[in-house]
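The values are calculated or read from the model by the stated rules, or taken from the named source; none is laboratory data. No experiment lies behind these values; they were computed from the predicted model shown. Cβ placement follows ideal geometry from the backbone for every residue including glycine, while neighbour counts extend to all protein chains displayed. Surface areas here come from the heavy atoms of the whole protein model, side chains and all, with no ligands, DNA or RNA. Shrake-Rupley method; radii C 1.70, N 1.55, O 1.52, S 1.80 Å.
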Amino acid sequence: MKAAAGARAPGLQARDKAEHATTGIPARKIAVDILNKVIGERRPLDEELRETGGHPELFALEARDRALVRAILGTALRRRGQIAAIVDRLLERPVPEKTGLVVDILHVAAAQILFMDIPDRAAVATAVAIADRDGRSRRYKGLINAVLRRMTAEREELLAANAAPWRNVPVWLFAAWQKAYGEETALAIAAMHLNEPNLDLAVKDGADGWAERLGGRVIAGNTVRLARPGGRVEALEGYNEGAWWVQDAAAALPARLLGDVAGKRVADLCAAPGGKTAQLCARGARVTAIDISARRLERLSENLARLGFEAEVLAADLAEYTPDAPFDAILLDAPCSATGTIRRHPDVAWNRRPGDTAALAEQQFALLERAADWLSPDGVLVYCTCSLEPGEGEDVIARFLAARPEYRISALTPEDVGIEGVITARGELRTLPVSLPMDPVAGGGLDGFFAARLVRS
């Protein structure tokens, strides 16, 4: 992606400018539609990109045009703060409400002009054409044309004036990170989010061999990290034979914190899509995987079948579920704001609200209290969330320990995690997007995770 004085990120370089202007409209119109739903209706981006239940026209496009849609949306969301600041600077007055897709059209075009290797004329022409086809946006096509042409002419100046990475985080969320981690780390997190995530594969065994075959590197034990490959993950060697599954290295850690689970009865609560279930199965556990969503459990079962693993899979509301017998170990991956996954899911930054953390923390505490009653006397319970917010991690555990004095934290050791610098003073796990630094910077990083290992005193 382009910085103020850098090269622009690749687009579809093989296409002629004129061809972009005439044939690129459907892909860009779909990008505009999806951006409108993600921001306006707080729809998860992943759901809009799915073949089933997503945008109805996306999979009618050729593969390279689908890739263009994904690239535009990823850029528009990662750089949303910068784009908004630049668009506002170029407008004499804010765009009125109820103008159709005007703002989304401007953001999709700006993502291409400012940060992608796509001809400017194509980005401008297709934006005007999309506006002309939308009844409410049509009257603003002259405005769109003028703003975008000025943007192309003043690109370097505009980028230089709006280069700070904090611009791409909502003010309230960046302030929360400053409070929790300090300004320097908060800025580093925001900067890291501008990089495409790596592809982490959890392998059953032979991590070194798979790293050599796939051109990756081994991190944190059994994870092979690849630079983001082109094409479908399913086309990679080892997928069809179930040799590995996609899972961020940080997400693979909580299951390891349970220790030796071979032959033990283990509950994976809020289990879908199943990466942690697979980790537990690979370690020899007898797993009961529970999730409230039957649809998401279908995907979990498909993944387990591909990997050759077996587990008891239950669709149940944990608020109403009661096991027949205590579990030897429990892994509770509680519902959370998922702010630790913004690098992987850039829409999360813009779909969360300031009050979300407090509401989710109440749900998390209730689930933790309930799960604690299902643990055998000498069992181990790991609570985790993929959130950067202490209110959904450290604070929930502190509240739980105050309410349930029979429990204590079983402090983690470096051997438990295999990654330096991610164990807190209290012995909990706290990974950040800037954890696991590498050269180049974009090759490092982890999802933001919190985990605590609990046992009875």
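Below are the figures for this structure:
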read-out: Within the chain, longest stretch clear of exposed chymotrypsin sites (Phe, Trp or Tyr not before Pro) (DSSP loop, no more than 16 other Cβ within 10 Å); value: 1-238
read-out: Net length gained if the chain between Lys179 and Leu314 were fully extended (0.36 nm per residue, minus Cα distance); value: 44.7 nm
read-out: 1.4 Å probe accessible area per residue over segment 132-181, in Å²; value: 57 Å²
read-out: CD proxy at 222 nm, helix term only [per DSSP H run n ≥ 4: -39500 (n - 2.57); per residue of the chain; nearest 500]; value: -12500 deg cm²/dmol
read-out: Accessible area expressed per residue, segment 186-279, with surrounding protein chains retained (probe 1.4 Å, Å²); value: 37 Å²
read-out: Note, ³J(HN,Hα) from phi for segment 298-311, Karplus 6.51, -1.76, 1.60, rounded to Hz, x at Gly and Pro; value: 4, 5, 4, 5, 4, 5, 4, 5, 4, 7, x, 9, 10, 8
read-out: With at most 15 other Cβ atoms within 10 Å, longest stretch of the chain clear of loop GluC sites (Glu not before Pro) (DSSP); value: 321-405
read-out: Positive-end residue of Phe327, Gln363, Thr339, charge dipole of segment 326-371 with Cβ unit charges; value: Thr339
read-out: Trypsin sites (Lys or Arg not before Pro) within segment 372-446: DSSP coil, no more than 14 neighbouring Cβ in 10 Å; value: Arg426
read-out: Low-density loop cleavage sites - trypsin sites (Lys or Arg not before Pro) in segment 232-282, where at most 16 other Cβ are within 10 Å (DSSP); value: Arg232
read-out: Table column - 3J(HN,Hα) (Hz), segment 247-255, Karplus curve with 6.51, -1.76, 1.60, x for Gly and Pro; value: 6, 4, 4, 5, 5, 7, 6, x, 5
read-out: Charge dipole (debye, nearest 20) of the chain; +1 at Cβ of Lys and Arg, -1 at Cβ of Asp and Glu; value: 1600 debye
read-out: Nitroxide proxy distance, nm - points 7 Å out along Cα→Cβ at Leu61 and Arg43; value: 1.4 nm
read-out: Between 0 and 90°, nearest 10: helix 102-115 axis offset from the chain longest Cα axis; value: 90 degrees
read-out: Karplus-derived 3J(HN,Hα), 6.51/-1.76/1.60, for each residue of segment 50-67, Hz, glycine and proline x; value: 6, 5, 10, x, x, 4, x, 9, 4, 7, 7, 7, 5, 4, 5, 6, 5, 5
read-out: The chain: proportion of alpha-carbon pairs further apart than 35 angstrom, %; value: 34 percent
read-out: Contour minus Cα-Cα distance for Glu237 and Val455 (0.36 nm per residue); value: 74.4 nm
read-out: Carbon/sulfur fraction of accessible area - segment 348-416, other protein chains in place, 1.4 Å, %; value: 56 percent
read-out: Helix axis angle, 183-192 relative to the chain longest principal axis, alpha carbon, degrees; value: 70 degrees
read-out: Heavy-atom accessible area per residue - segment 298-434, 1.4 Å, Å²; value: 42 Å²
read-out: Angle between the chain longest axis and helix 80-90 axis [Cα atoms, degrees, rounded to 10]; value: 20 degrees
read-out: Lysine pairs within the chain, Cα separation less than 28 Å, 8 or more sequence positions apart or different chains; value: 15
read-out: Whole-percent carbon and sulfur share, accessible surface of segment 200-267, 1.4 Å; value: 44 percent
read-out: Lys/Arg +1, Asp/Glu -1 at C-beta; segment 72-218 dipole; positive extreme among Leu90, Ile72, Asn145; value: Asn145
